[in-house]
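Taking it in order: structure first as structure tokens, then the write-up.
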Amino acid sequence: MSQFFHTPRTLASAVLAIAVLAACGQTQQPAAPAAADKSVPAPVAVAVVNGTTISRAEFDIYVKGLLQGKQQELTPEQKNQVLDELISMQLLSAQAEKEALDKDPDTAAQLEILRIRVLADAASQKYLKGQDPTDAQLHAEYDTAIASMDKTEYHARHILVANKDQADQIIKKLKGGAKFEDLAKAQSLDTGSKANGGDLGWFTTSHMVKPFADAVKGLKKGEITPQPVQTQYGWHVIQLEDTREAAPPPFDQVKAQLVNAVIRKKLQASVEELKKNAKIEKKL
């Protein structure tokens, strides 16, 4: 893929690692409490560090954060490495508290942000239980997405260089009869397309940075940009090969993305409702 394509954002939890840091080693738990509440089972310990329990739940959350959603079983050696890491973190955390670092304003603010994020994630997950989108909602989201999608695909080539002078010289050579593919192979900085003579294949303009997309839209088949096009990646000389009508992806192919989109909108609507009923004073 060419280096100046946008990378689509994905919907994912932002607090798994935060939950781990916030959960581990927050309270001191004596190994043998004098009067335990029999109605609340004691946490299953995977380690006790200077009297502080690292629980199985904390260990599992930490592993979940490390795996980032991958379905994988750790080997005994890997589990031991993870436990050693948690023990090291607990020792450092205890040392920080001994030195009153948790009272430092910046550290205290970071801890509070971690707490807020973990609780916000918990509230979000609770709200989303039982909120699975219906087929009607998914098809409505699909229809909305199709209506707003780019209807045209473009096939173009480009030559990416570091400055305008180089781009101007390339345009001059092209006007003099030089082949676009040859100049792209010799001078383009885009490693993803230069070997193919600058060929970018078929794309919609929504996948390109705006200055590049706007330039492509202004070209007719076979035309080359009369002036270099600047983006954050450098200076481009672009040639439009062809255009065609874009076929929408089948519903089943994008169903997972539709589920995420509907869930995201439901959660956002819930947050907006909370804002309506809240007393909010911005003082920034």
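The values are calculated or read from the model by the stated rules, or taken from the named source; none is laboratory data. None of the values given here were measured: they were computed from a predicted structure. Please note: Cβ atoms are built from the backbone with ideal geometry, for glycine as well, and neighbour counts cover all protein chains shown.
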Check your understanding: Can you pull out the residues in region 109-150 that are closer than 30 Å to Thr205 by Cβ and outside any helix (DSSP H, G or I)?
Key -> Pro133, Met149, Asp150
Exercise for review: Starting from residues that are among the polar types (S, T, N, Q) and within 30 Å of Lys221 (Cβ to Cβ), keep the ones in region 131-152 and report whichever is nearest to the chain's Cα centre (by Cα).
Suggested key: Ser148
Check your understanding: Within region 163-188, which residues are in contact with a Phe, Trp or Tyr (Cβ under 8 Å, 6 or more places away or on another chain) and over 13 Å from Ile224 (Cβ atoms)?
Key -> Asn163, Lys164, Gln166
Point to revise | Options Ala108, Ala100; residue that is without any contact (Cβ under 8 Å) to a residue 24 or more places away in the chain and on the phi > 0 side of the Ramachandran plot | key: Ala100
Practice item. Quickly run through region 54-65 and pick out the residues that are under 18 Å from Ser93 (Cβ atoms) and not β-branched (Val, Ile, Thr). Key: Ser55, Ala57, Glu58, Phe59, Tyr62, Gly65
**Study point:** Within region 203-232, considering residues that are within 28 Å of Gly177 (Cβ to Cβ) and among the small types (Gly, Ala, Ser), the one surrounded by the most Cβ atoms within 10 Å (Cβ to Cβ)
**Key:** Ala215
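Residue-wise test of (1) β-branched (Val, Ile, Thr); (2) outside any strand (DSSP E or B); (3) in the same structural domain as Ala156 (by TED's automatic domain parsing); (4) at pLDDT 95 or above.
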{"site": "Pro211", "(1), (2), (3), (4)": "no, yes, yes, yes"}
{"site": "Val216", "(1), (2), (3), (4)": "yes, yes, yes, yes"}
{"site": "Leu219", "(1), (2), (3), (4)": "no, yes, yes, yes"}
{"site": "Gln230", "(1), (2), (3), (4)": "no, no, yes, yes"}
{"site": "Trp235", "(1), (2), (3), (4)": "no, no, yes, yes"}
Review point. Across region 234-263, what is the total count of residues that are more than 30 Å from Asp168 (Cβ to Cβ) and touching a residue at least 24 places away in the same chain (Cβ under 8 Å)?
Key: 13
Practice item. With the checklist (1) exposed (fewer than 12 other Cβ atoms within 10 Å of the Cβ); (2) within 30 Å of Leu200 (Cα to Cα); (3) modelled with pLDDT of 95 or more in hand, flag the one item Asp106 doesn't pass. Key: (2)
